[in-house]
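The values are calculated or read from the model by the stated rules, or taken from the named source; none is laboratory data. Everything numeric here is computed off the predicted structure, so don't read it as measured data. All Cβ positions, even for glycine, are placed from backbone atoms using ideal geometry, and neighbour counts span all protein chains on display. When the accessible area is computed, the model is the full protein with side chains, heavy atoms only, and any ligands, DNA or RNA have been set aside. Shrake-Rupley method; radii C 1.70, N 1.55, O 1.52, S 1.80 Å.
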Amino acid sequence: MASKLDTLEHWVNDVAAMTRPATIHWCDGSDTEYRALVQLMLQNGDLIELNQQTHPGCYLHRSSPSDVARVEHLTFVCTGDQADAGPNNHWMAPAEAHTKIDALFDGCMEGRTMYVIPYCMGPIDSPLSRCGVEITDSPYVVANMRTMTRMGAAALARIEREGSFVKGLHSTGELDPERRFIMHFPEELTIKSYGSGYGGNALLGKKCHALRIASYQARSEGWLAEHMLIVGIENPQGQTHYIAAAFPSACGKTNLAMLIPPEGYRKDGWRVWTIGDDICWMRPGEDGRLYAINPEAGFFGVAPGTSRNSNPNALASIARDTIFTNVAVTADNQPWWEGLPGTPVTDWQGRPYDPANGPAAHPNSRFTVSAKQCPTWSPKAEDARGVPISAIVFGGRRPSLLPLVMEARDWTHGVLMGAAMGSETTAAATGAVGVLRRDSMAMKPFCGYHYGDYFAHWLSFDKAGSRLPKVFHVNWFRKGKDGKFLWPGFGENLRVLEWMIARVEGKARGMETPIGILPANGELKMDGVDMPRETLAELLEVDTQGWQTELHAIGEYLDSFRPRLPARLRQEQQRVAQALDTPRKAANA
Ligand code: GTP
Ligand code: SPV
Ligand code: MN
């Protein structure tokens with residue numbers, strides 16, 4: 001009988017025939033292999049050595065200045081039927097897409113090494129995990145994939161056992177934005193990416209596989225692949241609740257996943273455990289609860305703003321063995337970005353730093369580091385069963401209207417809260433920054449199929465025997481009249497999480513409003529926070545008129561997914577809209 005690896009070898013041979021590399025290297029994921037790759041990149045200029053006294057094992061990569069973020073307008077979902085991709089995706093017919101991108105791949109690896117990277121997303125022995133193989137001509141991609149996934153021999157063994165894997169083909173190409181495509185073929189479990197070396201465009205295990213392809217698979221297999229962090233909150237009694245939170249790119253997932261409790265909480269014995277900072281795969285267990293794994297093994301985190309004040313755990317994680325991409329450097333060759341003490345001398349493009357050229361570090365500069373280096377890394381992150389989720393949290397950058405926190409009355413209302421999410425755009429993708437747009441479940445750039453079907457899939461988890469998490473919506477980014485954030489954020493966010501846990505445990509009464517349940521007076525623990533009472537009131541206010549306008553906009557947005565929009569979701573929107581109208585009607589009567 002033919003070995004399962006035959007399929008893999010056939011594909012590798014086919015790719016080699018098309019791309020014509022000088023040599024083929026099968027990655028084993030070993031330390032020796034990693035060291036050799038680093039040496040190669042130090043020689044060819046892909047990596048620059050940083051100060052090895054202060055930052056042992058740390059290197060800097062400068063990408064092409066036109067290749068620093070995800071490119072949503074060049075990212076396609078190529079399903080046989082255009083309707084299956086939905087209005088939330090760019091679509092191209094599979095045959096046309098293959099022809100277009102294969103023409104770019106033709107001979108593109110001549111004279112170069114082609115790397116074959118077998119990887120596993122999730123703990124190697126977990127039934128929730130899935131494998132893939134990325135073929136690339138970029139040693140930088142190999143080095144990053146080694147940190148971000150379980151890469152090498154063990155993954156190859158699992159692929160041999162299972163036979164099925166996601167095929168990802170990548171080439172850096174000429175880094176020409178005119179010759180750049182990120183193509184997904186969910187029906188073929190295939191990804192083809194050409195012309196970019198940047199994170200989400202090139203590390204194909206991450207957004208391409210673990211979100212776009214996985215969300216498509218999850219729909220037919222009864223699970224969820226989400227753009228969520230996973231964090232464990234341990235109370236002084238030693239009980240841990242796991243929370244999964246979906247915030248759009250560069251909106252606080254890494255920070256919340258490894259937050260340091262405020263001093264009073266630390267004294268009382270609260271602890272935080274990090275499971276994941278970007279992606280969450282979850283499915284119902286036998287007890288009806290949702291169990292989650294982090295498919296990744298590392299963090300590809302936003303550098304700017306990471307400091308001893310905002311995120312000391314991230315700073316501790318990246319003190320050694322880290323690849324920095326597009327940060328600035330100091331006079332003594334340490335990595336630097338806005339938010340750190342010290343002064344930059346060289347900017348992210350390698351030029352002498354001049355404030356007239358903008359920030360020293362690119363706003364989407366990143367660090368790649370093994371999750372094991374995080375001081376709060378949880379041993380449960382390796383648990384094949386995953387962790388049970390007590391609460392799901394949605395949130396985005398909303399300068400107004402959205403309160404600090406609100407709870408959905410039930411699952412259907414929670415799905416509406418997720419679907420209605422909006423956020424100001426960030427530097428994580430090319431295009432304008434600070435523009436408010438809808439980003440349902442923080443999956444706008446990552447859902448591999450029609451949002452209408454996706455909402456229906458979310459609703460389908462509410463069935464007999466299920467014990468679903470409570471659903472909340474938060475907003476750390478509300479601004480006052482002076483344009484400054486009203487909420488201190490970061491570690492202080494634990495105050496909000498504590499209220500959620502109290503609600504989960506039935507220990508907080510909450511206050512019912514038309515938009516959801518908000519903390520009742522005095523339920524948010526605020527001792528030790530220097531905040532005027534009016535500010536807290538503003539953070540928790542429900543502006544009925546503003547919400548009526550919002551609900552109308554949500555209804556129009558939902559209608560854009562007809563005819564696949566589940567009627568139940570539109571009815572839920574109408575229920576909330578009517579609840580907002582009721583007090584006014586009562587007052588008029
Ligand atoms: P991706 O990796 O792009 O998916 O992003 P992420 O959601 O993990 O974002 P991250 O935690 O890296 O946060 C990005 C930016 O948001 C940084 O500049 C942070 O300083 C800022 N940020 C994070 N948490 C808070 C908060 O609670 N309040 C405020 N005001 N800013 C925050
Ligand atoms: C994001 O943009 O949401 C990221 C970085 O987490 S990337 O890997 O580029 O998608
Ligand atoms: Mn992300």
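Quick rundown of the values:
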item	result
Identity of the residue in region 330-358, crowded, with 21+ Cβ neighbours inside 10 Å and outside any loop (DSSP other than H, G, I, E, B), that ends up nearest to ligand 2 (Cβ to nearest atom)	P335
Flag for A384 being surrounded by fewer than 15 Cβ atoms within 10 Å (Cβ to Cβ) and either in contact (Cβ under 8 Å) with a residue 60 or more places away in the chain or not assigned by TED's automatic domain parsing to the domain that holds P284 (or both)	yes
Wholly within region 465-580, strands (runs of 3 or more DSSP E) carrying at least 2 residues that are surrounded by 19 or more Cβ atoms within 10 Å (Cβ to Cβ)	470-474, 516-518
Inter-residue pairs, beta-carbon under 8 Å, first within 25 Å of D530 (Cβ to Cβ) and in region 244-265, second within 6 Å of ligand 1 (Cβ to nearest atom) and charged (D, E, K, R), 6+ apart	M258/D277
Selection from region 202-239 of residues that are among the polar types (S, T, N, Q) and touching a residue at least 40 places away in the same chain (Cβ under 8 Å)	S215, Q217, N235
C120 being in contact with a Phe, Trp or Tyr (Cβ under 9 Å, 6 or more places away or on another chain) and on the phi < 0 side of the Ramachandran plot	no
Residue within region 440-460 that is over 21 Å from L290 (Cα atoms), open to solvent by 20 Å² or more (accessible area, probe 1.4 Å) and touching a strand residue (DSSP E or B) at 6+ places or on another chain (Cβ under 9 Å) present	yes
Test: residue in region 273-281 that is away from ligand 1 (no atom under 13 Å from the Cβ) and open to solvent by 10 Å² or more (accessible area, probe 1.4 Å)	yes
Qualifying residue in region 189-199 (condition: within 11 Å of ligand 2 (Cβ to nearest atom), under 27 Å from G252 (Cβ atoms) and either assigned to a helix (DSSP H, G or I) or among the basic types (K, R) (or both))	yes
Whichever residue in region 205-250 is away from ligand 3 (no atom under 16 Å from the Cβ) and of a type in the set (D, E, K, R) and, among such residues, is least open to solvent (accessible area, probe 1.4 Å)	E234
Residue within region 366-379 that is open to solvent by 70 Å² or more (accessible area, probe 1.4 Å), in contact with a Pro (Cβ under 9 Å, 6 or more places away or on another chain) and in contact (Cβ under 8 Å) with a residue 24 or more places away in the chain present	yes
Test: residue in region 185-204 that is under 22 Å from G395 (Cα atoms) and of a type in the set (A, V, I, L, M)	no
Matching option when the condition is touching a residue at least 60 places away in the same chain (Cβ under 8 Å), in contact with a Gly (Cβ under 8 Å, 6 or more places away or on another chain) and not small (G, A, S), among P65, P94, P56	P94
Residue, farthest from ligand 3 (Cβ to nearest atom), within region 295-329, restricted to residues that are more than 22 Å from the chain's Cα centre (by Cα) and open to solvent by less than 20 Å² (accessible area, probe 1.4 Å)	V329
Scope region 267-291; condition touching a residue at least 60 places away in the same chain (Cβ under 8 Å), within 16 Å of ligand 3 (Cβ to nearest atom) and of a type in the set (A, V, I, L, M, F, W, C); matching residues	I275, I279, W281
Top-ranked residue in region 359-413 [being assigned to a strand (DSSP E or B) and of a type in the set (S, T, N, Q); ranked as nearest to W223 (Cα to Cα)]	S390
Among residues of region 431-459, those that are in a loop (DSSP other than H, G, I, E, B), closer than 17 Å to A214 by Cβ and either away from ligand 3 (no atom under 16 Å from the Cβ) or polar (S, T, N, Q) (or both), counted	2
Strands (runs of 3 or more DSSP E) completely within region 67-174 that count 1 or more residues being under 22 Å from T430 (Cα atoms) and open to solvent by less than 10 Å² (accessible area, probe 1.4 Å)	75-77, 166-171
Residues (open to solvent by 40 Å² or more (accessible area, probe 1.4 Å), among the aromatic types (F, W, Y) and part of a helix (DSSP H, G or I)) located in region 9-41	Y34
Residue check, R180 of a type in the set (D, E, K, R) and open to solvent by less than 10 Å² (accessible area, probe 1.4 Å)	yes
